[in-house]
Each structure stands twice: as C-alpha cells, then as structure tokens.
Amino acid sequence: MNALGVSLISALMLLLTVGGSYALLRSRYGLALIAIRDNPVAASSQGVNVGRVRFLLWVAAAMGTGLAGATYFLAQLRITPPSAYDPNWANIAIFIVMVGGLGSLEGVLISALIYFFADRWFGEYGTVYMVVLGLLTLFMALFAPRRHLGADLQGGGRPLVSDPAHTSGGQAMKAALFDGVGHPLRIDDISVPEPAHDEVLIKIAACGICGSDLHMTEDPATFGLKPYDVLGHEFAGEVVRCGSGVSDLKPGDRVAVAPMRSCGHCERCRHGEPAWCAEMRLIGGGYAEFATVAARQCRILPQGLPTAEGALAEPLAVALHVVVQSGLKPGDRVLILGAGPIGLLVAFWARRYSASDVIVADLGRHQEARAAALGATGFALSGPDLAAEFRDQAGAAPDIVFECVGKRGLIDFACRLVRPHGTVLGVGLCVGGDEWDPFVALSKEITLAFAVFFNMAEFETALDALGPGRFRPQELITARIGFADVAETFEALRRRTTQCKVLITAEAGRSANSGRN
C-alpha cells in the first residue's frame, strides 16, 4: 500500500474514531455504565458523584480515541516519527469507545474477542483492523440495543414515558417496565428522576391501570411505546421537590396530574387546552414510586379527598369531555356501549347532565350493579336484540349513542341503533382500521363525532366531582394493588374479568410487605 493509501485510510480511521466518540456522547451512555450502572445508589452513598464520573469518562474516551487517531495519522504522514505512535495505546482507546458504545457486559466480551482475533488476523495491517473497530464503534454507539442501560439513561423524546431526561442517580425507586410485546411488565429499580426548572417531583400515591395501557403494550409502534418505558397516565400524589422556576406549588401539596405535556405558552396552552398544543405529548411514568411532571400539569386536590382517589380525575375528565362534545341536553335518551371505566363514567356525567334515560350495554351483567351506583337508569345485554331492549326500557330509540369499547364494527352498530338526526360519539380506542356502512349514517342524517382528551377546566370540574354526592366515581375502584401484583393483574386485565378500575397504590405495597414480615 502506497503512502497516499495509508494516509487516506488513517484519515478515515480518525474520522471514525472521533465520530464514534461523538455518537457515544450524543447517545448519553458510555463506559461509566460498566462500573456503576448496576448499583448507582451504592456508588452515590459512598460519595461518588455518578453524573460527574459518567461525564469525565465520556470525555476521556472521546479525547483518547481522537488523540490516538491523530497521532497515527500524523505518523503515517511522516510529520512525527513513527515511534510516536503506540499501537497498543491507540487500540485500547478505541476498545474503550467500543465498550462504551455497547454499554453492556456483552460489549466487553465482544470487544475483547474482536481485539484479540483482529490483531492476529490483520497483523501488520493494523490500520485495517482499526478502521473495522472504528466502524463497529460508530455503529454500536448509534444503534446498539439499550436493554441493559436503565430507564434513566435512555435518551430521546417519546410519548407515554416518565420523562427521564433529568435524573438524580442518587436514589432508586421501583417501577413497572415494559419489556416488549408478549412479555409481562417487569418490576425493577431505576433512578429517581430529578425535576427540571419548571417541573415538580411527585411521590405517587396511586396510578390507575387504563385500558389504553393494555392497547399500547399490544401495539407499541402505533403509540410510540418502546421497551423499558414506564406506563401509567392516571396518577396523583404528593409534591416532594420543586424545580427552580416553580412558584405555584410547594413540597407537601397533594396533586392530580393531567398527562398532557405541552409548551405552556402558545394560544392553546394559555386557554387551558394543552391537548391541542403543537408540542403536546402524552406522558406516563405512573407505574413507579416517583415521577416528574411540569407544574402546570398539576392541580391541587380538594380538601378531604384521599390522595389516591385523585388518580380518578384523569378518566373522569375524559368522560366529561365526551359528554360535553356530544351536546347532550336534559331529557335526552342515552345508550352507552361498554361497561368499562370510561363507559360507566360517561353514565355518571350523563345523569348529572339530566339525561332522562341512561342505559349501559355490555356483553355480560357483571358491571350492572356498579353502573346503577354510578347513575345508570338501566342495563342491557349487547347483541342483536339491543335496539328492542332499549326501546322497552326508554320508550324510543336513543338520541345519543356513546361507543366506549373500541372494537371493529361498533361504530356501524351504533349508527344503526341511534334515532334519525341522532348523535353517535366514538370514544373507544380502536386501532388498525374499521368497517362501517356510511349509507346508514347518511340516510338518518346522523351527527358522527369523536372525543378524546380534555381541557384543564374539565379536569378541575372532574376533581370537584370526586367529592360528596349521590353518585360517586369512586364506585369504579375494584382493587388496590402493590408493585408485587402489577404484572399478574395487568395480564389478567387483558381478559374479561369482574375488575373495573384497579389502582396501583403505595399503601397496598406497604400493606403487602408488612403482611409478609
């Protein structure tokens, strides 16, 4: 190989090593994980500044590999004597980046094998060997699986996660992690997040398991859910720490969280409609002991309301928004398809809005008593005879049909049930397409609408509705569980059960632990 070829390859090696180092820094994980990822709490308790160690090791890896490449490059150009190039030192530096890029024990083993065999294979052609390592470094740093890294170091913005961009590294908490389709949720220790300037850290008192969480774990690509994310968007708790820019909340405040993270300053946000902000993303994180959220997402709980019951504010606000969107008027006859939590809460609000008949339909009768306790005036079995059964109970066809299941064909079914000039509200989460006959809706001149999310005024109204009254949304709660039971309960909810709303609560976890002692 002539001098020009050697120089070009050396220059390529330099670019690859520097690029690999940059990719390593950009991906927010590196060699530090080898030493401290498994026990950051112990490292911190011994006076180790985990974040600083990580940063210094990243910088060392970047500078070391860059300097190694530069030295070799200059040596090949005869600008410096060849003796100035120490191949072992340079190889070790690249080995460091390789290990950091993989960020796992497997990375150490794979890199060691490559290092050992490549040296034997390439011999004096060490330049080729270093280019190979540089390519692997760059590839691994950008694309390596991160399943060993811990939630606090997984970079990238994504919906429905606990916003792990700011982590303390000094405390650990339990969380239920999503491992992938077909795998149960896994309980593991991850770092407690650190609030940013506009955020608060919340000690979670309770988080509801929502049907949409089940949908997300079955179709994660649609919802942007990734392995090792933390689900849970129906939660309430106590503020334990505030960011430097937070002035309207303080430690000790009990709050419910609206899971819509927005910019906070656009016209939609100023009008209390974060759901329609161009930067809105849904956040999760409730299946954990702590979570960080923007202070503007929080509302203080009414006096006398148990903190755990504040977790009902989110689904209750969704149901209120649904009823508001329907244009329901006093005296309307209402049919609700689906006796799940949202369907039953729609019944609660329809009754409060003075509907004359509020009939809930489902495939079984196991929620009939609960529907009555929440305000339903009747219950019916869903099927081919539903139209006749509704007329028997209400005297005429429904003015409004709420589809609260989210199964294919139910929008079409609702259009056939509603009266001419009636309204059908699509509420259920149906993914993957649907089939319906638009001629039925056209011939009846039906108003077909859909509803999702809510505004902050509705969220506040929902909180107030959790207080005393004839019908109480708390009737929805059928179980309170600790983290030890999350995986089993979550999987059981995929099938039809007698459960309605299950809360993951700190109290249940403590009770279970004390019962085992």
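The values are calculated or read from the model by the stated rules, or taken from the named source; none is laboratory data. The model shown is predicted, which means the values in this text are computed figures rather than measured ones. No Cβ is skipped: glycine too gets one built from the backbone with ideal geometry, and neighbour counts run over all protein chains shown. We work out accessible area using only protein heavy atoms, side chains counted, and drop any ligands, DNA or RNA first. Shrake-Rupley method; radii C 1.70, N 1.55, O 1.52, S 1.80 Å.
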> Pulled fully out, how much extra length does the chain show between ILE300 and ASP392, if you take 0.36 nm times their separation in residues and subtract their Cα-Cα distance?
Replying inline: 28.7 nm
> How many percent of the accessible area of the range 379-517 is carbon or sulfur, using a 1.4 Å probe?
Replying inline: 52
> What list of ³J(HN,Hα) values in whole Hz, one per residue of the range 326-335 in order, does the Karplus curve 6.51 cos²θ - 1.76 cosθ + 1.60 (θ = phi - 60°) give from phi, with Gly and Pro shown as x?
Replying inline: 6, x, 3, 10, x, x, 5, 8, 10, 10
> Given +1 on the Cβ of Lys and Arg, -1 on the Cβ of Asp and Glu, and no further charges, what dipole in debye does the range 176-248 carry about its Cα centre, rounded to the nearest 20?
Replying inline: 100
> Once the piece of chain linking ALA196 and THR447 is laid out straight, how much longer is it, given 0.36 nm per residue of separation minus the C-alpha distance between them?
Replying inline: 85.9 nm
> Taking the Cα-to-Cβ direction at GLU491 and at SER354 and moving 7 Å from each Cα, how far apart do the two end points lie in nm?
Replying inline: 5.1
> FRET efficiency for VAL431 and ARG470, Cβ-Cβ distance as r, R0 = 45 Å, nearest 0.05?
Replying inline: 0.80
> Given H placed 1.01 Å from N in the peptide plane, which residues other than close sequence neighbours of ALA175 have an amide H under 5 Å from its amide H?
Replying inline: ASP188, ILE190
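Compute the accessible area per residue over the range 352-503, keeping the other protein chains in place, probe 1.4 Å, unit Å².
Working: 7230 Å² over 152 residues.
Result: 48 Å² of accessible area for each residue.
Would you mind working out the magnitude of the charge dipole of the range 245-293 relative to its Cα centre, with +1 at each Lys and Arg C-beta and -1 at each Asp and Glu C-beta, to the nearest 20 Debye?
It works out to roughly 20 debye.
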> From the backbone phi of the range 184-199, what are the Karplus-calculated ³J(HN,Hα) couplings (6.51 cos²θ - 1.76 cosθ + 1.60, θ = phi - 60°) in whole Hz, Gly and Pro given as x?
Replying inline: x, 4, 10, 8, 8, 8, 10, 6, 6, x, 9, x, 6, 4, 9, 10
>> Give me the extension gain from LYS407 to SER244: residue separation times 0.36 nm, minus the current Cα-Cα distance, reported in nm with one decimal.
In response: 54.1 nm
>> Tell me which of LEU386, GLY375, LEU363 sits at the most positive position along the dipole axis of the range 339-386, charges placed on C-beta atoms (Lys, Arg +1; Asp, Glu -1).
In response: GLY375
